Amino acid sequence: MSSDAHLPGPGGRGELLATGAVAVAVLAVSTSAPLIAFAAAPALAIAFWRNVLATGAVVPFVLARRRSELRMLAGAGGRRQVGWCVLAGVALAAHFGTWMPSAQLTSVATATALVATQPVWQGLIAMGQGRRLPTVTWWGIGIAVLGAALATGVDVGFDARAVAGDLLALAGAVFAAVYTAFGEHARRTVSTTTYTTICYGVCAVVLLVVCLVGGIQLTGFSGSTWLVIIGLVVGAQLLGHSMFSYALHKIPATTVSVLILLEVPGAALIAWLWLDQVPRLAALPGLGLLLVGVAVVVLGGTRSRTPPPLPPEAGPPESPSPS
């Protein structure tokens, strides 16, 4: 047998590139919570600017390539589709408005782990839509809830501020699931870039109103804070999504969804090395159970017709994600 028989073919090389893409994407989204915790700016202001900049990044492409679709959506026949995009944008604003402050209130490790419960809430929404969930999914939900309760219970005796952050992170996970459910309807007929433009744009407008009403500072930040905001846009908001989308050509969506859970230890490690946030040992068993439960829910989803959950960090609901 010749040595050529051992060389990887096009498929093997493609899978290798997809694996590398997932590694880059996980690293990109893992920086999200540490960057938010580091930034010397209100979390809602950061959320507003990252969506404004992300919208600006995709608008030129939409105007150049999707004019006919925009005209269709502007007509009477496109009202329903636009409505789903708008609702997704509002839900995304609620996600950012709860999860991003949580990263500044509780530890990065806990905030990232709790927001990763999105697949659990996604499964419950699917059940509310009349879809039957496999028994293994219910087991996963139970394990995840137990883990979240244990991890949050540690914070109850540690700091009231941390408990508030935990609750906000859980709310962020719920709103992420709602965002994905609305996005699922929109994406049936609306292209990715058009959906992203409307969704991110609506999200930015909602956050702007909230910031103005609440008197939240939107300018006057330091150069390092602006670099953080740009890093969030390029990393979690754009690069993470792009790499996950690329990987889906070679790696099953369920596998990608489970690999995205690596964001949790990745964010905790970055926060430990960069922000000196040493994970509380008492919370680790709960966080571990939580991740196991979420993984069971994601894997159990392969036995149902529920679409894989998507993290708002990744943008359009056509690629699985977290945070």
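The values are calculated or read from the model by the stated rules, or taken from the named source; none is laboratory data. Treat the numbers as computed from the prediction; the structure is a model and nothing was measured. Because the Cβ atoms are built from the backbone with ideal geometry, glycine has one as well, and the counts that use them run over all protein chains shown.
Of all the residues in the range 183-197, those that are under 16 Å from F96 (Cα atoms) and hydrophobic (A, V, I, L, M, F, W, C) number 0.
Quick check on V178: is it crowded, with 19+ Cβ neighbours inside 10 Å, modelled with pLDDT of 95 or more, among the aliphatic types (A, V, I, L, M) and under 20 Å from V90 (Cα atoms)? Write out each step before concluding.
On the way: crowded, with 19+ Cβ neighbours inside 10 Å: yes; modelled with pLDDT of 95 or more: no; among the aliphatic types (A, V, I, L, M): yes; under 20 Å from V90 (Cα atoms): yes.
Criteria not met by V178.
To keep it simple, each residue is scored yes or no on (1) in contact with a helix residue (DSSP H, G or I) (Cβ under 9 Å, 6 or more places away or on another chain); (2) surrounded by fewer than 19 Cβ atoms within 10 Å (Cβ to Cβ); (3) assigned to a helix (DSSP H, G or I).
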residue: G153; (1), (2), (3): yes, yes, yes
residue: T196; (1), (2), (3): yes, no, yes
residue: C199; (1), (2), (3): yes, no, yes
residue: V206; (1), (2), (3): yes, no, yes
residue: L212; (1), (2), (3): no, yes, yes
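Among the residues making up the range 222-232, those that are surrounded by fewer than 19 Cβ atoms within 10 Å (Cβ to Cβ) and of a type in the set (A, V, I, L, M, F, W, C) are W226, L227, I230.
Looking for whichever is under 28 Å from G214 (Cα atoms), in contact (Cβ under 8 Å) with a residue 60 or more places away in the chain and touching a Ser or Thr at 6+ places or on another chain (Cβ under 6 Å) here; the options are A111, A88. Which one fits?
Values: A88 fails: touching a Ser or Thr at 6+ places or on another chain (Cβ under 6 Å).
Going through A111, A88 in turn, just one is under 28 Å from G214 (Cα atoms), in contact (Cβ under 8 Å) with a residue 60 or more places away in the chain and touching a Ser or Thr at 6+ places or on another chain (Cβ under 6 Å): A111.
Being crowded, with 19+ Cβ neighbours inside 10 Å and under 21 Å from S102 (Cα atoms) is the requirement here; does A160 meet it? Step through it out loud before you land on a result.
On the way: crowded, with 19+ Cβ neighbours inside 10 Å: no; under 21 Å from S102 (Cα atoms): yes.
No: the conditions fail for A160.
Which one of V145, V190 is within 21 Å of the chain's Cα centre (by Cα) and not in a helix (DSSP H, G or I)?
Details: V145 fails: not in a helix (DSSP H, G or I).
Step by step, each of V145, V190 is checked, and only V190 is within 21 Å of the chain's Cα centre (by Cα) and not in a helix (DSSP H, G or I).
I'd like to check something: does the range 36-55 contain any residue that is under 28 Å from A271 (Cα atoms), surrounded by fewer than 18 Cβ atoms within 10 Å (Cβ to Cβ) and not charged (D, E, K, R)? Yes, the conditions are met somewhere in the range 36-55. Looking across the range 249-277, the residues that are over 20 Å from V296 (Cα atoms) and at pLDDT below 85 come down to H249, K250.
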